[in-house]
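Down below is the structure, laid out as structure tokens.
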Amino acid sequence: MNEEFEKIKCLIIGSGPAGYTAAIYASRADLKPVLYQGLQPGGQLTITTEVDNFPGYPEGITGPEMMEQFKTQAERFGADIRWGIVTKVDFSARPYKVWADDGKAILADTVIIATGASAKWLGLESEKKFNGQGVSACATCDGFFYRGKDVALVGGGDTACEEATYLAKLCNKVYMIVRRDQFRASKIMQEKVINTQNIEVLWNHTTKEIVGDMSGVNGVLLQNVKTGEEKKLDIHGFFVAIGHDPNTEIFKGEIALDETNYIITEPGSTKTNKEGIFAAGDVQDHHYRQAITAAGTGCMAAIEAERFLSSN
Ligand code: NDP
């Protein structure tokens, strides 16, 4: 029996700021976009607390509320927003074939991939328990809440160094917990950390437990991997900066990815190596990773999809 396909002009996969912004622009351009929300409707912002750096919200807004507003705005222009996960794609020929877990099979003239990235976590129970109550994977988003306080940050890569120096400008003291006796970060980033007075690097340390009470985190228990010795730091914020994984599992072999599995886009554009397929937001950006930059590239992707359709 022949599989029945739903034919659409524009499919958007993912529902963070990139996906919803693409949906707003694509629906206003009459592309009648269908958007699949994915595993975490609203994306990474739904696991943060206050968003204070997105222009247009002078009093700040919570991540989940902001994403609800993005969704409502996209729906206002007719975007077909669906609860569900895209499980398989076939990008071998146009129109592109996509299957979702609601049983739908879709033929799409253009596809905008906005599946984002997920922060890596240590995997501790206490990390889950205090997520949003002192535990964060984004210093740029949440550092502000710890102004004048002592915080700890785990990781030794470029992100960790960048976030530690960012936090050092706001916080009283930043403990950097590094599991080896050296950084993975580039020399220039390492130097910035070493030259920042209020950052103390704790080499060869791992996190055993994050501790706190009803009002949030108030400490962290560390272990020296060389000596086995344990120590507790009094801190109020605990930041995890051990890398991100782009959500590209289903696109492997279908579209060009870089060595860390991010989608490769043409510089200054959201075009991928397949015509009519565009990528926006963190799935193609391991550098800025901000809601506003994701929204910006979501807008670019919709405009590029519209131009592609009108020239084809
Ligand atoms: P990386 O993978 O480069 O670094 C991850 C760091 O976290 C490493 O120090 C690693 O330790 C540590 N780590 C990993 N897992 C654990 C764990 N379970 N417990 C404790 N520590 C852990 O990720 P980044 O996000 O830092 O960088 C990703 C890419 O983005 C890199 O290519 C980086 O260069 C680039 N980038 C560039 C920037 C810039 O140029 N300004 C800014 C930010 C990122 P170990 O070394 O022992 O494995």
For this session: Taking the residues in the stretch 158-172 that are within 20 Å of the chain's Cα centre (by Cα) and crowded, with 17+ Cβ neighbours inside 10 Å as candidates, determine which candidate is farthest from H286 (Cα to Cα).
Result: L167
For this session: For residues that are more than 15 Å from the ligand (Cβ to nearest atom) and modelled with pLDDT under 95, scanning just the stretch 173-215, find the one that is most open to solvent (accessible area, probe 1.4 Å).
Result: M214
Seminar exercise, completed: Flagged pairs (Cβ under 6 angstrom, 6 or more apart or on separate chains; first in the stretch 190-212, of a type in the set (F, W, Y); second modelled with pLDDT of 95 or more) are W203/V178; W203/D181
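Which ones in the stretch 145-172 are more than 7 Å from the ligand (Cβ to nearest atom) and of a type in the set (S, T, N, Q)? Quick ask: steps written out before the conclusion?
As a first pass, look at the stretch 145-172 and keep what is more than 7 Å from the ligand (Cβ to nearest atom): 145-153, 161, 163-172.
Across the stretch 145-172, the qualifying residues are T165, N172.
This table checks each residue for (1) open to solvent by 80 Å² or more (accessible area, probe 1.4 Å); (2) closer than 30 Å to Y146 by Cβ; (3) of a type outside the set (G, A, S).
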residue	(1), (2), (3)
F5	no, no, yes
T21	no, yes, yes
A26	no, no, no
D30	yes, no, yes
V34	no, no, yes
Q37	no, no, yes
P41	no, yes, yes
V51	no, yes, yes
M66	no, yes, yes
Exercise. Taking the stretch 250-259 only, how many residues are open to solvent by 30 Å² or more (accessible area, probe 1.4 Å) and either in contact with a Gly (Cβ under 9 Å, 6 or more places away or on another chain) or in contact (Cβ under 8 Å) with a residue 60 or more places away in the chain (or both)?
Worked result: 2
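If a residue must be among the β-branched types (V, I, T) and open to solvent by 40 Å² or more (accessible area, probe 1.4 Å), how many such residues does the stretch 281-295 contain? Talk me through it step by step, then tell me what you get.
Residues of the stretch 281-295 that are among the β-branched types (V, I, T), as a first pass: 283, 292-293.
Add one more test, that the residue is open to solvent by 40 Å² or more (accessible area, probe 1.4 Å), and what stays is 292-293.
Residues meeting the conditions: 2.
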Exercise. Within the stretch 227-249, can one find any residue that is open to solvent by 50 Å² or more (accessible area, probe 1.4 Å), away from the ligand (no atom under 12 Å from the Cβ), within 23 Å of the chain's Cα centre (by Cα) and at pLDDT 95 or above?
Worked result: yes
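In the list N273, N218, N261, which residue meets the criterion of being assigned by TED's automatic domain parsing to the domain that holds A152 and of a type in the set (S, T, N, Q)?
On the way: N273 fails: assigned by TED's automatic domain parsing to the domain that holds A152; N261 fails: assigned by TED's automatic domain parsing to the domain that holds A152.
It is N218.
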Exercise. Has the stretch 187-206 got at least one residue that is within 26 Å of T48 (Cβ to Cβ) and of a type in the set (K, R)?
Worked result: yes
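The values are calculated or read from the model by the stated rules, or taken from the named source; none is laboratory data. Keep in mind it's a predicted model, so treat the numbers as computed, not measured. Positions of Cβ are generated from backbone atoms using ideal geometry, with glycine treated the same way; all protein chains shown enter the neighbour counts. We work out accessible area using only protein heavy atoms, side chains counted, and drop any ligands, DNA or RNA first. Shrake-Rupley method; radii C 1.70, N 1.55, O 1.52, S 1.80 Å.
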